[in-house]
1. Return the loop-located chymotrypsin sites (Phe, Trp or Tyr not before Pro) in the range 21-66 (DSSP other than H, G, I, E, B) with at most 16 other Cβ atoms within 10 Å of their own Cβ; answer none if there are none.
2. With θ set to phi - 60°, apply the Karplus curve 6.51 cos²θ - 1.76 cosθ + 1.60 along the range 48-65 and write out the HN-Hα couplings as whole Hz, x wherever there is a Gly or Pro.
3. Between beta-carbons, use under 11 Å as the cut-off and find the net charge around Leu62, counting Lys and Arg +1, Asp and Glu -1.
4. In whole percent, what relative contact order does the chain give with Cα contacts below 8 Å and a gap of six or more residues?
5. On the accessible surface of the range 1-58, probed at 1.4 Å, how many percent belong to carbon and sulfur atoms?
6. In terms of modelled amide H atoms, which long-range or inter-chain residues lie less than 5 Å from the amide H of Ala50?
7. Can you give me the Kirkwood hydrodynamic radius for the chain, using every pair of distinct Cα atoms, in Å to one decimal?
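The values are calculated or read from the model by the stated rules, or taken from the named source; none is laboratory data. None of the values given here were measured: they were computed from a predicted structure. Because the Cβ atoms are built from the backbone with ideal geometry, glycine has one as well, and the counts that use them run over all protein chains shown. For the accessible areas, the whole protein counts, side chains as well, though only heavy atoms, and no ligand, DNA or RNA atoms are used. Shrake-Rupley method; radii C 1.70, N 1.55, O 1.52, S 1.80 Å.
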Amino acid sequence: MSPNPNPLPADWVLADRFVIRKVLGRGGFGIAYLCYDQLRSDLVVVKELAPLGTPRSHDGILDLDS
């Protein structure tokens, strides 16, 4: 697990719907991604609650309880 957390990679699919295209930015509490919404056939921004220091497992899940 990474202590950062590292952003999810391009082509990662969130909620069986949003395909990550690229990271737009990150701050102390989150990471913003440009994603393709497969349901709407449109580009959207998805922000992930990802506080600095939160570990991410190999399957992409953040451990917010840590």
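1. Phe29
2. Once θ is set to phi - 60°, the couplings for the range 48-65 become 9, 5, 8, x, 3, x, 7, x, 10, 6, 5, 8, x, 7, 8, 9, 6, 7 Hz.
3. -3
4. Reported relative contact order: 32 percent.
5. That fraction is 58 percent.
6. The answer is Gly30, Ile31.
7. Taking every pair of different Cα atoms in the chain, averaging 1/r and inverting gives 12.1 Å.
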